[in-house]
1. Checking GLY18 against (1) in contact with an Asp or Glu (Cβ under 9 Å, 6 or more places away or on another chain); (2) buried (at least 20 other Cβ atoms within 10 Å of the Cβ); (3) of a type outside the set (D, E, K, R); (4) in a helix (DSSP H, G or I), only one condition comes out false. Which one?
2. Looking at this structure, is ALA163 over 23 Å from the mean Cα position of the chain (by Cα), loosely packed, with under 14 Cβ neighbours inside 10 Å and assigned to a helix (DSSP H, G or I)?
3. Can you list residue pairs whose Cβ atoms sit under 7 Å apart, with the first residue in region 51-75 being among the aromatic types (Phe, Trp, Tyr) and the second being not in a loop (DSSP other than H, G, I, E, B)? Count only pairs 6 or more apart in sequence or on different chains.
4. Please state which of the following conditions THR201 fails to meet, knowing it meets all the rest: (1) buried (at least 18 other Cβ atoms within 10 Å of the Cβ); (2) hydroxyl-bearing (Ser, Thr, Tyr); (3) closer than 24 Å to THR68 by Cβ.
5. Among the numbered criteria (1) in a strand (DSSP E or B); (2) at pLDDT 95 or above, which single criterion is violated by ALA155?
6. Kindly establish whether GLY39 is in contact with a Ser or Thr (Cβ under 7 Å, 6 or more places away or on another chain) and free of Cβ contacts under 8 Å to residues at least 40 places away in the same chain.
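The values are calculated or read from the model by the stated rules, or taken from the named source; none is laboratory data. The structure displayed is predicted, hence computed values, not measured ones. A quick note on method: Cβ atoms are made from the backbone with ideal geometry, for glycine too, and the neighbour counts reach across all protein chains shown.
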Amino acid sequence: MRILALDTSSERVLLSLGTVDAAEPEAGLVSSEKSHGPGLLVHLQALFDGRAPDVDAVACGRGPGSFTGVRIALSFAKTFAWARRIPLVTFDVFDLHFTLQPSDGELWVLEDARRGELYVAARRDGAAAFGPAVITLDEVWRHASPGARFLGSGARLHEAALAERFGAASVAAAGLLPDAAALHRAASRAVIAGGPGNAVTAEPLYLRASDAEVNLAAGRIRSSWSRVVPGLPVPDRVVPGLEMPPIRKEEP
């Protein structure tokens, strides 16, 4: 089975093309361009090298990560899979990082979620041990065990603090970044496991509300279409000066 895999949840675009039973992809691409949307189709054309996109399944990262970035890859993947009538599976961004290190012991992926928070997941000897969740660094202290190892952008951000608390060996691989080979491994595992999602039901993995949803619930903005964040009150007023003008309908 030949798989097209993609992930745009971080600052980099990851693409790979290869068969499930191959250890390495036959083609891969990593781009650090900031604007993922306009560049994605160009990168895909380069990946296929002018040939027809002959694939049997699509695998796509569903986050957590950049809200817009996650939607870019997933929107393309759903459309591509639906149009070609092929399976779509999704995987978490944590799965990419877990392919970078041996599965023995306790391994944490910490991704920077901003706002002083981290997207985290942990495995112990390959089995899920914590998360996925969005927590603070102080909460990582409470849950991580001595001898734990840490990966991801959050591990790089807090490398000194983690090394001081858990030892230098805990962050020895903090600088590793997923590449096309890691993407292919995560995608292959998702396909073999029959991972979550298809062209109709696949959804992003959002572990917290977006800034827009928080502002909407707090009454700082108003929208007739945005969903209200579960657990937050529905605003009964709009902040003065931020009222949105009424929509004017053009006469036919």
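1. Condition (4) is where GLY18 drops out.
2. Against the criterion (over 23 Å from the mean Cα position of the chain (by Cα), loosely packed, with under 14 Cβ neighbours inside 10 Å and assigned to a helix (DSSP H, G or I)), ALA163 does not qualify.
3. none
4. Status for THR201: all satisfied but (1).
5. Failing condition for ALA155: (1).
6. yes
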